[in-house]
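Below is one structure, written out as structure tokens; the observations come after it.
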Amino acid sequence: EDTVTMTVTYAEYQPHVGDQDALKLTVAAAVQESGQVLAKELLVRLHTPELTLTLLGPAVVGREVPVQVVFQNPLPQALPAASLRMEGAGIACPKPLSL
């Protein structure tokens, strides 16, 4: 029995993830003495960061209310084209906000 550790860096898997938020890992091995081939697959769900919303004032019908949105970028690179879009009752169309 032996344990082998391999590291998959973000730079290696990032081009292949897309919108899936998951990695499918496949390991294959061959036993020289018996010629037996072994394989195992593992589906790894990537954790997506949370958005935290906080009202910064009282929510009163007919009045604007400021909202604080907190997002922690877990990636080792900047997100130059990130945007937020707010939707809700009474909002005629989604309000995009470029970051």
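Spacing of the modelled spin labels on Val4 and Leu23, each 7 Å from Cα toward Cβ, amounts to 1.6 nm. For log10 I(q)/I(0) by the Debye sum over Cα atoms at q = 0.12, 0.16, 0.21 Å⁻¹, the candidate list reads (i) -0.57, -0.72, -1.01; (ii) -0.37, -0.65, -1.10; (iii) -0.67, -0.93, -1.24; the entry that matches the value derived from this model is (iii).
Count the net charge of all other residues whose Cβ sits under 14 Å from the Cβ of Ala28, scoring Lys and Arg as +1 and Asp and Glu as -1.
Details: positive: Lys24, Lys40; negative: Glu41.
Once positives and negatives cancel, what remains is +1.
Would you mind getting the accessible area per residue of the chain, heavy atoms of the protein chains only, 1.4 Å probe, in Å²? List each step's numbers first, then the result.
Values: 9250 Å² over 99 residues.
Ligands and nucleic acids excluded, the figure is 93 Å² per residue.
Nonpolar atom fraction for the chain, defined as the carbon and sulfur part of the 1.4 Å probe accessible area, stands at 56 percent.
Scan region 1-58 for GluC sites (Glu not before Pro) in coil per DSSP, keeping those whose Cβ has at most 16 other Cβ atoms within 10 Å, and list them by number.
On the way: sites: Glu1, Glu12, Glu33, Glu41, Glu50; in loops: Glu1, Glu33, Glu50.
Loop-located and lightly packed - Glu1, Glu33, Glu50.
Would you please give the FRET efficiency between Glu41 and Arg63, computed as 1/(1 + (r/R0)^6) with r the Cβ-Cβ distance and R0 = 41 Å, to the nearest 0.05? With R0 = 41 Å, the Cβ-Cβ based efficiency is 0.15.
Extension gain, Leu53 to Leu75, is 5.8 nm, computed as 0.36 nm per intervening residue step minus the present C-alpha separation.
The values are calculated or read from the model by the stated rules, or taken from the named source; none is laboratory data. Worth saying up front: this structure is predicted, and the values here are computed from it rather than measured. Every residue, glycine as well, gets a Cβ built from its backbone with ideal geometry; the counts of neighbours run over all protein chains shown. Calculation scope for accessible area: heavy atoms of the full protein, side chains included, ligands and nucleic acids excluded. Shrake-Rupley method; radii C 1.70, N 1.55, O 1.52, S 1.80 Å.
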